[in-house]
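For reference, the structure is listed below as structure tokens.
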Amino acid sequence: MLKLISQRCKGCGICVNFCPKKVLEVTEVGKCAIVEGKAPDCILCGQCEMRCPDYAIFVEK
Amino acid sequence: MGMEQIAEKYFRPGRLPHIWCPGCGNGIITGAIARAVDQLGLDQNEVAMISGIGCSSRSSGYLDFNTANTLHGRALPIASGVKMANPALKVIVASGDGDCTAIGGNHLIHAARRNIDLTLVVYNNSIYGMTGGQYSPMTPKGSKATTAPYMTIEPSFNLLELARAAGATFVARATTYHVPQMVDAIAKGIRHKGFAIVECVSACPINFGRQNKAGAPAKMMEWQRDHAVMVAAWEKMPAEKKAEAQAAGKFPIGVLYETDAVQEYTEAYDGVIERARR
Ligand code: SF4
Ligand code: SF4
Ligand code: SF4
């Protein structure tokens, strides 16, 4: 399960870029979100959590 | 522990989001310091974190250790004082490339020369970020800066060779792309008894990236991925290939040098105390 803390997210796009399954996007309002319908594609690899400079996205196993 | 729990445990309550710009590497390095302390299982009260001035030096205000955000370039002398007063503390120093190699350059070589047991984490984003993008001694030659609109003409320091030549007994490098390696290098640096320096190659997407058309933060991290070479592979390279790699801007990461053959400073100072008491 992914957990996003939007209040911390600055929409830098790092997680989006390094997600191997293209699960994430930065929305119009500049926040990270799960692309519609893509949640089941997440393989819980933890790349997003490891790289986020703002501790705004976590993988709960 | 996952990063969520680490942020919860090691960051002061209510301080997040931090002040750094979107995609700034400072958050990754500060997170790596917290991860390293967690990996070592240290009590937060046993850890002191001293920083100088600059964007990266804000880090000490976020982490819940014994902390002090001090003067520009002067983190090392203050950290040395802390260590002298209480050698049982694990003292981590956070310093930017400008803070550490320009105004603080003299303190750097002398802290290294003394082999005092500090762990210096250099947030190297190749620029003075906080003041708007002036070049530092770590800015690669041929970069643009607000103080070099026609590009810098000076070679940059090889910081780790400088530190090693001055007497540092643990020398490592990582990048903000290589997070596990960074955590490992910082943890090993903290464990090392003596002067440890960990250069963290980082990105300032705003004040370095924009002027140098380096692209989005992720692009700057891809540059790190494509230019860092693991030390084992680096050492195996024949001289010619290494020179080629260096010319292409590549650099080794990992623990580059470590020795325990030199006496640590506070330990040597115990001898002074003893002699004075006799
Ligand atoms: S890496 Fe973090 S701050 Fe950047 S867009 Fe993703 S969640 Fe937001
Ligand atoms: S855990 Fe991996 S697959 Fe899932 S969103 Fe994060 S980066 Fe993508
Ligand atoms: S100016 Fe650069 S170093 Fe400072 S917070 Fe912004 S991106 Fe980070």
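The values are calculated or read from the model by the stated rules, or taken from the named source; none is laboratory data. Keep in mind it's a predicted model, so treat the numbers as computed, not measured. Ideal geometry is used to build each Cβ from the backbone, glycine not excepted, and the neighbour counts take in all protein chains shown. Quick note on the areas: whole protein, heavy atoms, side chains included, nothing else; ligands and nucleic acids left out. Shrake-Rupley method; radii C 1.70, N 1.55, O 1.52, S 1.80 Å.
With +1 on each Lys and Arg Cβ and -1 on each Asp and Glu Cβ, how big is the dipole of chain B about its Cα centre, in debye rounded to the nearest 20? Show your work: numbers first, answer last.
Values: 28 positive and 24 negative charges, 85 e Å.
With only Lys, Arg, Asp and Glu charged at Cβ, the dipole is about 400 debye.
Just from its helices, what would the mean residue ellipticity at 222 nm be for chain B, if runs of 4 or more DSSP H residues each count -39500 (n - 2.57) and the sum is divided by every residue, rounded to the nearest 500 deg cm²/dmol?
-11500 deg cm²/dmol
Say the dipole of the stretch A:2-59 comes from +1 at the beta carbon of Lys and Arg and -1 at that of Asp and Glu; which of A:LEU2, A:ILE34, A:PHE58 then lies farthest toward its positive end?
After comparing all options, I get A:PHE58.
From largest accessible area down, sort B:ILE206, B:ILE92; use a 1.4 Å probe on the protein chains.
The residues order as B:ILE206, B:ILE92, largest area first.
Considering chain B as a Gaussian network with a 10 Å cut-off on Cα pairs, which listed residue, B:LEU63, B:LEU16, B:LEU89, attains the greatest mean-square fluctuation?
Between B:LEU63, B:LEU16, B:LEU89, it is B:LEU16 that shows the largest mean-square fluctuation.
GNM on chain B, C-alpha springs below 10 Å: top fluctuator among B:GLU264, B:GLU199, B:GLU235?
In this elastic network of chain B, the residue with the biggest mean-square fluctuation among B:GLU264, B:GLU199, B:GLU235 is B:GLU235.
Just B:LYS188, B:LYS90, B:LYS250 to compare: in a GNM of chain B, with alpha carbon springs under 10 Å, which one fluctuates most?
B:LYS250
Under a crude label model (7 Å from the Cα following the beta-carbon direction), how far is B:GLN246 from B:ASP270 in nanometres?
Result for the modelled spin labels: 4.0 nm.
Once the Cα gyration tensor of chain B is found, what semi-axes does its equivalent ellipsoid get, as square roots of 5 times the eigenvalues, in whole Å, sorted largest first?
The equivalent ellipsoid of chain B has semi-axes of 29, 22, 18 Å.
Largest first, what is the accessible-area ranking of A:PHE58, A:PHE18 with a 1.4 Å probe? Show your work: numbers first, answer last.
Working: A:PHE58 5, A:PHE18 25 Å².
Sorted by accessible area, descending: A:PHE18, A:PHE58.
Please give the helix B:217-227 orientation as an angle from the longest Cα principal axis of chain B, in degrees from 0 to 90, rounded to the nearest 10.
The angle comes out near 80 degrees.
Quick check: the distance between the Cα centres of the stretch A:24-41 and the stretch B:118-152, to the nearest angstrom?
After rounding, the separation between the Cα centres reads 34 Å.
For the stretch B:119-206, build the charge dipole from Cβ charges (+1 Lys, Arg; -1 Asp, Glu) around the Cα centre, then report which of B:ALA187, B:ALA145, B:THR175 sits farthest towards its positive end.
B:ALA187
Taking the Cα centre of the protein assembly as shown as the origin, how large is its charge dipole in debye, to the nearest 20, when only Lys and Arg (+1) and Asp and Glu (-1) carry charge on their Cβ atoms?
340
Using the Cα centre of the stretch B:3-277 as origin and beta-carbon charges of +1 (Lys, Arg) and -1 (Asp, Glu), tell me which of B:TYR128, B:HIS107, B:MET49 is placed farthest towards the positive end of the dipole.
Farthest along the dipole direction, towards plus: B:TYR128.
Can you work out the FRET efficiency for the pair A:LYS31 and B:LYS141, with r the C-beta to C-beta distance and R0 = 41 Å, to the nearest 0.05?
Once rounded, the FRET efficiency stands at 0.60.
Any idea what angle helix B:105-114 forms with the longest principal axis of chain B, computed on alpha-carbon atoms, 0 to 90 degrees, nearest 10?
40
Under a straight-distance cross-link criterion of Cα-Cα below 18 Å, which lysines are reachable from B:LYS241, leaving out those fewer than 8 residues away in the same chain?
Straight-distance partners of B:LYS241: B:LYS250.
Residues of B:15-27, mean number of Cβ from any other protein chain within 10 Å of their own Cβ, rounded to a whole number?
Shielding by partners across B:15-27 averages 5.
Peptides B:69-76, A:44-51, B:168-175: what's the order by average Cβ count within 10 Å, highest mean first?
B:168-175, B:69-76, A:44-51
Pop out the ³J(HN,Hα) list for the stretch B:233-250 in order, Karplus 6.51 cos²θ - 1.76 cosθ + 1.60 with θ = phi - 60°, rounded to Hz; leave Gly and Pro as x.
Once θ is set to phi - 60°, the couplings for the stretch B:233-250 become 5, 4, 5, 7, 5, x, 3, 5, 5, 5, 4, 4, 4, 4, 5, 8, x, 7 Hz.
Taking a threshold of 19 Å on the Cα-Cα distance, which of the pairs A:LYS3/A:LYS31; A:LYS22/B:LYS219; B:LYS144/B:LYS213; A:LYS3/A:LYS38; B:LYS9/B:LYS219; A:LYS38/B:LYS219 fall above it?
B:LYS9/B:LYS219; A:LYS38/B:LYS219
What whole number of Å gives the distance from the Cα centroid of the stretch B:203-257 to the Cα centroid of the stretch B:160-178?
Centre-to-centre (Cα) distance: 15 Å.
If you plug each phi of the stretch A:6-16 into the Karplus form 6.51 cos²θ - 1.76 cosθ + 1.60 with θ = phi - 60°, what whole-Hz ³J(HN,Hα) values come out, in order, with x for Gly and Pro?
Karplus-based 3J(HN,Hα) across the stretch A:6-16 equals 4, 4, 8, 5, 10, x, 5, x, 5, 4, 4 Hz.
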